[in-house]
Amino acid sequence: MSAPLEVFLPFKGGLPPLRKYLSQLYSRRQFMAAFARSELRRQNYGSAFGQVWLILNPLLLSAVYFLLIVIISGHADKARYGHLTASLFIFYLVTDAIVAGAKSITSGGRLVLNSAFPRLMLPMSAAVVSLFKFLPTLLVLVVFHALLGLPFSWTMLWAIPLIALFFLFALGCAIFFACVNVYFRDAQNLIPYLTRTLLYLSPVLYEASALKSNLQFLKNINPMYPLLDMWSRVMVHAQLPNCTSYIKRCYGLP
Amino acid sequence: MLSASNAHPQKKGDTAVSIHDLSVIYRTTLDKRPTLRNRLLHASRGKKQTRVVHAVSNLSLDIPYGSVLGVVGANGAGKSTLMRTISGILPPTSGRVELFGNVGTLLALGVGFNQEMTGRDNVILGGLAAGLSKSEIESKFDEIVEFAELSEVIDAPMRTYSSGMFSRLAFAVAVSVEPDILIIDEALSTGDAKFKTKSLDRVKELRSHNRALILVSHALATIEEVCNEVIWIHKGKLISRGKPKSVIADYKKFLEVGSSPMIDEDV
């Protein structure tokens, strides 16, 4: 008798064998892509504007927040609106991944119970869906940028590695909250408050340079802070990202 | 579609699935309402608010190639848990499961289907969920649609399908996988009488020397007709194994009287 093709043993410490798990995950990449595509299609299916909502949603959101800023500060300027729109769009890449990721496994129901595949696939495709919802809004950003008369430069290509970083962060959050929500279903109710708090702690409604000196510690405790600051510099002001200053800060260097 | 050439050629009589001393234990919350207050109260006392369910306990079983194994048992006997463990969906709590071939499962119909997408997209999605590759699905596509008798509506969204049409397509996708070891759990009772016969015929066609079939069903007549061996599970334990006729007769007797000498004996 030949050796068994596959052996199922009890998990050690509740975890499946990692190497095998990762290779299974890789072999299921086609399924992940198709699953993400179908989820993307489902989300806005049947509404009158259909896929246009992918752009309309963040646009309306930025309009509402701009209204808030104008009322609070009493004046409006172009750079500010540019900053708000750019930051809000990428911020929602992360929060959307958190919200969808948290639900991904618990709402997987029949799929989770009846087919063998690495469960990691579900939060991963949730994050991929969020990325694909974000990408068309980049086009809106470019149009806005031109309309507002903000500067263009080749340094704006730094946006590409930054988007990769944002996506990686969103992916991590989606996986983390997917796990948390399995064992602690209340997480789903807490997440809206969590993301809202994160929004106010991040330089989205204000610019990073406007942070008061007694609140500088926020830069250290919020992982989104450096990312959003660099994003705004690149996308709004067409400057180089100030990553070195954050790396120095991270190691306590002057 | 019904090629006899499997990925891992096997001879009749070779072991397909080998289960050693398998136990699967679930823990479910004991309190009716798992509130934070209850959790905190009991956490401080170090008491675990869980109920332990022995879904499968100390079960050993060998399934050879060329066999069609029927699985019978009352509700909650652990049939589905056993099938999920063999398919790798649930990990064993103790013991081991060895597979000598690739496994295909038909535990529920339409897993991975998306109501908003067309039948065509769902064939691809369902096939990928079942573990086929995209090129494999494309080569089998026409046969799947033809078998489901849905060629006219395949480009309509799935939500416009009747439930019979839904299950027909789901069944057609599932049986197109052609694994070495196929597990079917209560999935034959789909569609109208005509399709039921057709799907049963398909299962009969799938019986071959180099394949092992495991069939879970409450339709005892079907089991008796299709299988060449039957096991009876009760409360996670293997009660008896043997020729379909005799095991099913014992099981029927048990269903009528609620107990049987075999259950009452400490097995």
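Since every read-out is calculated from the coordinates, none of them should be taken as a lab result. It should be emphasised that the depicted structure is a prediction, and the values quoted were computed from it without experimental measurement. Every residue, glycine among them, receives a Cβ derived from its backbone with ideal geometry; neighbour counts consider all protein chains shown.
Checked against the criterion of being more than 10 Å from chain A (Cβ to nearest Cβ), assigned to a strand (DSSP E or B) and touching a helix residue (DSSP H, G or I) at 6+ places or on another chain (Cβ under 9 Å), segment B:72-87 has at least one qualifying residue.
Taking the condition surrounded by fewer than 16 Cβ atoms within 10 Å (Cβ to Cβ), in a helix (DSSP H, G or I), within 11 Å of chain B (Cβ to nearest Cβ) and out of contact with any Pro (no Cβ under 8 Å at 6 or more places or on another chain), does A:R42 pass? So A:R42 fits the description; yes. Within segment A:216-245, the residues that satisfy the criterion of being surrounded by 13 or more Cβ atoms within 10 Å (Cβ to Cβ), in contact with a Leu (Cβ under 9 Å, 6 or more places away or on another chain) and part of a helix (DSSP H, G or I) are A:L218, A:K219, A:M224, A:Y225, A:L227, A:M230, A:W231, A:R233, A:V234, A:M235. Contact map, segment A:18-31: first residue over 19 Å from B:V123 (Cα atoms) and facing chain B (nearest Cβ under 10 Å), second residue basic (K, R) and not in a helix (DSSP H, G or I), Cβ cut-off under 7 Å, separation 6 or more or different chains; the map is empty. How about segment A:46-81: which of its residues are under 30 Å from B:N114 (Cβ atoms) and of a type in the set (G, A, S)? Scanning segment A:46-81 gives A:G46, A:S47, A:A48, A:G50. Filter segment A:191-200 down to the residues that are more than 20 Å from A:S104 (Cβ to Cβ) and either of a type in the set (S, T, N, Q) or surrounded by 15 or more Cβ atoms within 10 Å (Cβ to Cβ) (or both), then identify the one that is farthest from the chain's Cα centre (by Cα). Only one residue tops the list, namely A:T197.
Per this entry, B:D201 is counted among residues that are without any contact (Cβ under 8 Å) to a residue 12 or more places away in the chain and either touching a His at 6+ places or on another chain (Cβ under 6 Å) or surrounded by fewer than 17 Cβ atoms within 10 Å (Cβ to Cβ) (or both).
Could you list, in sequence order, all residues of segment A:101-147 that are within 14 Å of chain B (Cβ to nearest Cβ), among the aliphatic types (A, V, I, L, M) and part of a helix (DSSP H, G or I)? Those that are within 14 Å of chain B (Cβ to nearest Cβ), among the aliphatic types (A, V, I, L, M) and part of a helix (DSSP H, G or I): A:I105, A:L111, A:V112, A:L113, A:M121, A:L122, A:V129.
Take the residues of segment B:88-140 that are β-branched (V, I, T) and more than 9 Å from chain A (Cβ to nearest Cβ): which is surrounded by the fewest Cβ atoms within 10 Å (Cβ to Cβ)? If we take residues in segment B:88-140 being β-branched (V, I, T) and more than 9 Å from chain A (Cβ to nearest Cβ), then B:T118 is surrounded by the fewest Cβ atoms within 10 Å (Cβ to Cβ). Those strands (runs of 3 or more DSSP E) of segment B:167-255 in which at least 2 residues are touching a Phe, Trp or Tyr at 6+ places or on another chain (Cβ under 9 Å), considering only elements entirely within it, cover B:229-234, B:237-242.
Is it the case, given these coordinates, that B:V216 is surrounded by 16 or more Cβ atoms within 10 Å (Cβ to Cβ), in contact (Cβ under 8 Å) with a residue 40 or more places away in the chain, in contact with a Gly (Cβ under 6 Å, 6 or more places away or on another chain) and closer than 30 Å to B:P64 by Cα? No, not satisfied.
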